[in-house]
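First up is the structure itself, then whatever we jot down about it.
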Amino acid sequence: MRAALRYELEQKGTDDWLTELAEEDPDAAEFAAQAERPEEATLPIWAETYWRAWHALRFDRQYGAMGGQSPISFLSIDTYARRYDIRGVEFETFLAFVSAMDEEYLEHVQREADREKKAEENRRALREGGQANGGSSAVVPASHV
């Protein structure tokens, strides 16, 4: 399930775009052929309940003033489970799967934040006339950034 969520968050949009592009431009078909969901990112039928629950609860979390996000609260997961009569051992399994999906989501959010921070550091270095990622400041003068 984590691989399926990671694919949805990080790759599905690009794959969908490549598929649409290939429909409009036959020369792009070779790229669209690469846009295929990996086998490990296929959601098993038995996981659909957890998938729907996570999507229903994904915004039921606290957001920090500086952009941080907390995990979905236990109370939210418990309330959802009570509504759908998920109890006992089934609840423990439900909690584990929804929490694992949420952990994958929060890791994705952190990876995106790290990428953005690195990109901003590179832009700042270029603006200041320095080097970004081992590049040369002579390639793009600071006055042109």
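The values are calculated or read from the model by the stated rules, or taken from the named source; none is laboratory data. On a predicted model such as this, the values are computed, not experimentally measured, just so you know. Glycine also receives a Cβ, built like all others from the backbone with ideal geometry; neighbour counts cover every protein chain displayed. Areas reflect the complete protein model, heavy atoms only, side chains present, ligands, DNA and RNA absent. Shrake-Rupley method; radii C 1.70, N 1.55, O 1.52, S 1.80 Å.
Points to keep in mind about this one:
- The lone exception for ILE45 - which of (1) aliphatic (A, V, I, L, M); (2) in contact (Cβ under 8 Å) with a residue 24 or more places away in the chain; (3) open to solvent by 50 Å² or more (accessible area, probe 1.4 Å) it fails: (2)
- Hits in segment 70-83 (condition: surrounded by fewer than 17 Cβ atoms within 10 Å (Cβ to Cβ) and either touching a residue at least 24 places away in the same chain (Cβ under 8 Å) or touching a strand residue (DSSP E or B) at 6+ places or on another chain (Cβ under 7 Å) (or both)): PRO71
- Among residues of segment 91-112 that are among the small types (Gly, Ala, Ser), those with a Cβ under 8 angstrom from a residue that is surrounded by fewer than 16 Cβ atoms within 10 Å (Cβ to Cβ) and not in a helix (DSSP H, G or I), sequence gap 6+ or separate chain, pair up as SER99/PRO71.
- Here GLY67 meets the list (1) part of a helix (DSSP H, G or I); (2) exposed (fewer than 14 other Cβ atoms within 10 Å of the Cβ) almost entirely, failing just condition (1).
- Evaluating TYR105 against the criteria (1) modelled with pLDDT under 95; (2) open to solvent by 60 Å² or more (accessible area, probe 1.4 Å) leaves one unmet condition, (2).
- Pairs meeting the criteria (first residue in segment 8-35 and within 23 Å of LEU106 (Cβ to Cβ), second residue open to solvent by less than 60 Å² (accessible area, probe 1.4 Å) and modelled with pLDDT of 70 or more, beta carbons under 6 Å, at least 6 apart or on different chains) are LEU9/HIS108.
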